[in-house]
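Step one of this worksheet: look at the structure below.
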Amino acid sequence: MNSNSKTGLLIKDEILDLLEKKELIIEPLLEIDQVGEITVDLRIGTDFLSLQQGRNAFIDTTTNNIKSRPIKSHYTQTRRKIGEYFLFHPNQPVLFSTLEYLKLPPNIYADLNLRSSFGRLGLGLSTIIQPGYCGCASVEITNRGNTPIRVLSGTRMVQIRFYKLDSNSEYFNKVRKYTCQVRPVPSKANEDSELVKLKSMKSK
């Protein structure tokens, strides 16, 4: 596969070519060996949101009004300097943004996975990034094991793979809930437009 290929998974030479042309931006790329044969290693950033078990029996994603407790209130925000540790507790979802800022071309999307060394510890992750996205990559991780896991901020923890499409996709052609973020953002599930429609169907 070469840089003229229409579609498919990008390999190292293609990724480096796009980086050199500034068509794909990953900054700061601290070490060139972050770029592997089909992936690029991304580092844990400095801002974290941890989902907490509160006094409420559930998190309400069905309503978005001033009378309901906002989803973001279920998160605890914390910050770590590069080189300081963060603890992933069992069964606790954690949101963080990568240290690297990304800008994808309009014909390339990406997916994120954990580096194997961290997946083998019981951590779970699955995230997709839309073509044309700009911002730090938003990462949602859950420790699916029964033992807390301590990691250092700045660690290469995530791998990103890039896929080329046969046409461009306009990222900014619609209103999005998580646009160009550089810090983790709580879930906005209660802001989905179909909630009003679904509730109106129930009343009929």
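The values are calculated or read from the model by the stated rules, or taken from the named source; none is laboratory data. Only a predicted model underlies this, so the values are computations on that prediction, with no experimental measurement involved. We work out accessible area using only protein heavy atoms, side chains counted, and drop any ligands, DNA or RNA first. Shrake-Rupley method; radii C 1.70, N 1.55, O 1.52, S 1.80 Å.
I need the Kirkwood Rh of region 78-131: take the reciprocal of the average 1/r across all distinct C-alpha pairs and report it in angstrom.
One over the average 1/r among Cα pairs gives 13.6 Å for region 78-131.
If you stretched the chain out fully between Asn91 and Thr61, how much longer would it get, using 0.36 nm times the residue separation minus the C-alpha to C-alpha distance?
8.8 nm
For region 10-54, which whole-number percentage of the solvent-accessible area (1.4 Å probe, protein heavy atoms only) is attributable to carbon and sulfur atoms?
Carbon and sulfur: 51 percent of the exposed surface of region 10-54.
Do you know the relative contact order of region 93-133, to the nearest whole percent, from alpha carbon pairs under 8 angstrom that are 6+ apart?
Relative contact order here is 50 percent.
Which whole-Hz ³J(HN,Hα) couplings does region 30-38 yield from phi under the Karplus relation 6.51 cos²θ - 1.76 cosθ + 1.60, θ = phi - 60°, glycine and proline marked x?
Values per residue, Gly and Pro as x: 5, 9, 5, 7, 5, 8, x, 5, 9 Hz.
Accessible area per residue for region 45-134 in Å², computed with a 1.4 Å probe and the full protein assembly in place, what is it?
Value for region 45-134: 55 Å² per residue.
Could you pull the Cα extents of region 12-144 along its three principal axes, largest to smallest, in whole Å?
Principal-axis extents of the Cα atoms in region 12-144, largest first: 52, 33, 25 Å.
Using θ = phi - 60° and the Karplus form 6.51 cos²θ - 1.76 cosθ + 1.60, what ³J(HN,Hα) does each residue of region 132-147 get, whole Hz, x for Gly and Pro?
For region 132-147, the Karplus curve yields x, 4, 9, x, 6, 6, 8, 10, 10, 10, 10, 7, 8, x, 10, 10 Hz.
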